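S.K.: So that we are looking at the same thing, I have put the structure below in C-alpha cells.
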Amino acid sequence: MPATIVVDAFWGDSGKGKVTAHLARRLDAALAVRAGVGTNAGASFTLDDGTLVKQRQLPTAWVNPRTKLAVGPGVLVNPSILADELERFGVADRTMIDPRCGIITADDLAEDVADPFLRGVVGTSGSGVGPARARYVNRKAQQVRELTEFAGLCGDVAVEANTRSAAGEVVLIESAQGTQLSLSLSFEYPCTTVKNCTSAAAIDDVGLSWRQVGDVVLVVKALPTRVGEGPLPHEMTHEEAVRRGIAEYGVNTGRPRRKAARIDAELLRYATMVNGPTQIALTFTDHIDPAVKGVRDPGGLTAEVRRVIDEVEQITDCPVTMIDTGPLLNDMIDL
Ligand code: IMP
Ligand code: MG
C-alpha cells in the first residue's frame, strides 16, 4: 500500500501527531516514520485513560504496539530527548534511527537561546535546530552513526520505508511544523523554521520515492495558531482566547500560542497547492463550537462546524475525512 503523508497547512501545533497516532491504530500501520526538522516539534495528546503524552522526537504511532517506528535521515536528533522517549514509551525494540541523522548538541541549544536575533526576531523554539542545521549544512555536524549508545537502533530508514511500502504494507510519514513555517516557501522569512515543511519535504526527509506516495493528509487547524514572531491573519487577542476557554500554550516552551479567529482562505489555498492533499483532517473543531467537544459520531456535529467543513472542502477541493473534536486520542470522527 502506498504511503500516507501527514502534513500541516499553517504554523504547526494542529494535532498532526494525534492524527498520525489515530491512523496508526485505524490502519494498523506496519511502519511510521518521523519527518520534519527535529525536536523543535512538540506533539501532545491525551490517552483514553487520561494520561497526557508529550513528545518531540519519535513518531506518535508508538500507541499501536504493532507499528514499527523510525526517524528519517533528514531529521535532527537530540540524543537525550531520543533516549528519554525510547525509555518512556518502551519502544527501543521496534525503533530504527537513521545513522545519517544530524545531532543537536548542548552548544546548539545554548546558541539558539542566547542569540538575540533568533530569540527576538524569529522567536525560535529554543531547541537548537537552527544552529545544528547550519552546522549540518556546513558538513561539520556529528551524525547518529557516531553515537555508540544508539548503534543497535541504526538502520537505513529510506530502504525500510520504500521496501515496506512497495510490499503493500501500511507506511505513515509524520511530518512536523507547518507549511507556512517553510524556509523557502514562506513569504515570512526570517520568521520561519530551518527547512521546508511540505509533503515533498517530508518524503525527502525520509528518502521515500514519490512513486510510493498514496495519500497526503493535510491537517487544517480550525482556528490556526502561531508561536513566535511573524504575521497571523485574523489574530484574536489572548484575552479573547482565555475568555472563550480556548487559550493554548506551547508543548515545549509554554509560550502562549497566538490564535486566529478563523482560517485564512488564501493561505489554505496556497497550502493545498504546494502539498497536493488527497484528504483533509480538520482539527480542534471544539474550539469553533464547544458543543462538539468529545463528539465521536458525525450526527453530533453542529451547523457551525458543518459550515467550516463545507468551507474547507470548497477551498481545497478535497474531502474532509477526519474531524478532531477534543484532546483525547479517540475524540475523532473518521468519515
Ligand atoms: P525553530 O524551528 O525552533 O528555529 O523556530 C522558528 C519558528 O518556527 C518559530 O516561530 C517557532 O515558534 C516555529 N516553530 C518551530 N517548530 C514548531 C512547531 O513544531 N510548532 C509550532 N511552531 C514551530
Ligand atoms: Mg506542536
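All of the numbers you see were taken from the coordinates with simple rules; none came from a lab. The shown structure was predicted, so the numbers you read here are calculated from the model rather than taken from an experiment. Positions of Cβ are generated from backbone atoms using ideal geometry, with glycine treated the same way; all protein chains shown enter the neighbour counts.
S.K.: Any chance you could run the full-extension gain for Glu146 through Glu311? It's 0.36 nm times the residue separation minus the Cα-Cα distance, nm to one decimal. Mind dumping the intermediate values first?
M.R.: Values: separation 165, 0.36 × 165 = 59.40 nm, distance 4.97 nm.
Length difference between fully extended and current span is 54.4 nm.
S.K.: Same structure again: Please tell me the relative contact order of the chain in percent, rounded to the nearest whole number, where contacts are Cα pairs under 8 Å and at least six residues apart.
M.R.: Relative contact order comes out at 23 percent.
S.K.: Between beta-carbons, use under 15 Å as the cut-off and find the net charge around Ala114, counting Lys and Arg +1, Asp and Glu -1. Please report the intermediate quantities before stating the final value.
M.R.: On the way: positive: Arg119; negative: Asp107, Asp108, Glu111, Asp112, Asp115.
Here the charged neighbours net out to -4.
S.K.: Moving on to the next point. Kirkwood Rh and Cα-based Rg: tell me the resulting Rg over Rh for region 3-334, rounded to two decimals.
M.R.: Numbers: Rg = 18.6 Å, Rh = 19.7 Å.
Using Cα coordinates only, the ratio equals 0.94.
S.K.: Further, regarding this structure: Identify which of Leu23, Leu153, Leu31 has the largest mean-square fluctuation in a Gaussian network model of the chain, with springs joining Cα atoms closer than 10 Å.
M.R.: It is Leu153.
S.K.: Could you check the spin-label model distance between Leu27 and Ser80? Points 7 Å from the Cα along Cα→Cβ, value in nm.
M.R.: About 3.5 nm separates the two model spin labels.
S.K.: Residue farthest toward the positive end of the dipole of the chain, with Cβ of Lys/Arg at +1 and Asp/Glu at -1: which of Ser186, Thr283, Val53?
M.R.: Projecting each Cα onto the dipole axis, the largest value belongs to Ser186.
S.K.: Sticking with this structure for a sec: Taking only Cα atoms and a 10 Å spring cutoff, compute GNM fluctuations for the chain and point out the largest among Ser125, Ser182, Ser80.
M.R.: Comparing Ser125, Ser182, Ser80 in a Gaussian network model of the chain, the most mobile one is Ser80.
S.K.: Further question on the same structure: For the chain, what does the helix formula give at 222 nm: sum of -39500 (n - 2.57) over DSSP H segments with n ≥ 4, over the residue count, nearest 500 deg cm²/dmol? Before the final figure, lay out the partial values.
M.R.: Working: 9 runs with 89 residues, N = 335.
Rounded to the nearest 500, the figure is -8000 deg cm²/dmol.
S.K.: Where nothing but the Cβ of Lys and Arg (+1) and of Asp and Glu (-1) is charged, how large is the charge dipole of region 3-334 around its Cα centre, in debye to the nearest 20? Intermediate results must be reported in sequence, preceding the final value.
M.R.: Details: 35 positive and 43 negative charges, 54 e Å.
Using only the charged Cβ atoms, the result is roughly 260 debye.
S.K.: Moving to a separate point now. In region 186-335, with Lys and Arg counted as +1 and Asp and Glu as -1 at Cβ, which of these residues, Tyr249, Val219, Ala200, has the Cα nearest the positive end of the dipole, that is, farthest along it?
M.R.: The Cα lying farthest towards the positive end belongs to Tyr249.
S.K.: In the Gaussian network model of the chain, springs joining C-alpha atoms below 10 Å, which of Gly245, Gly123, Gly155 carries the largest mean-square fluctuation?
M.R.: Of Gly245, Gly123, Gly155, the Gaussian network model singles out Gly245 as fluctuating most.
S.K.: Would you order Tyr249, Tyr136 from fewest to most other beta-carbon atoms within 10 Å of each residue's own beta-carbon? Walk me through the numbers on the way to the answer.
M.R.: Working: Tyr249 11, Tyr136 22.
Ascending number of Cβ neighbours within 10 Å: Tyr249, Tyr136.
S.K.: Could I have the simple spin-label model distance between Asp334 and Leu47, label points 7 Å from Cα toward Cβ, reported in nm to one decimal?
M.R.: 1.9 nm
S.K.: Quick one: order Lys221, Lys293 by neighbouring beta-carbon count within 10 Å, fewest to most.
M.R.: On the way: Lys221 27, Lys293 15.
Sorted ascending by nearby Cβ count, the order is Lys293, Lys221.
S.K.: Also: Between Lys293 and Glu87, what is the label-point separation in nm under the 7 Å Cα-to-beta-carbon projection?
M.R.: My value for the distance between the label points is 3.6 nm.
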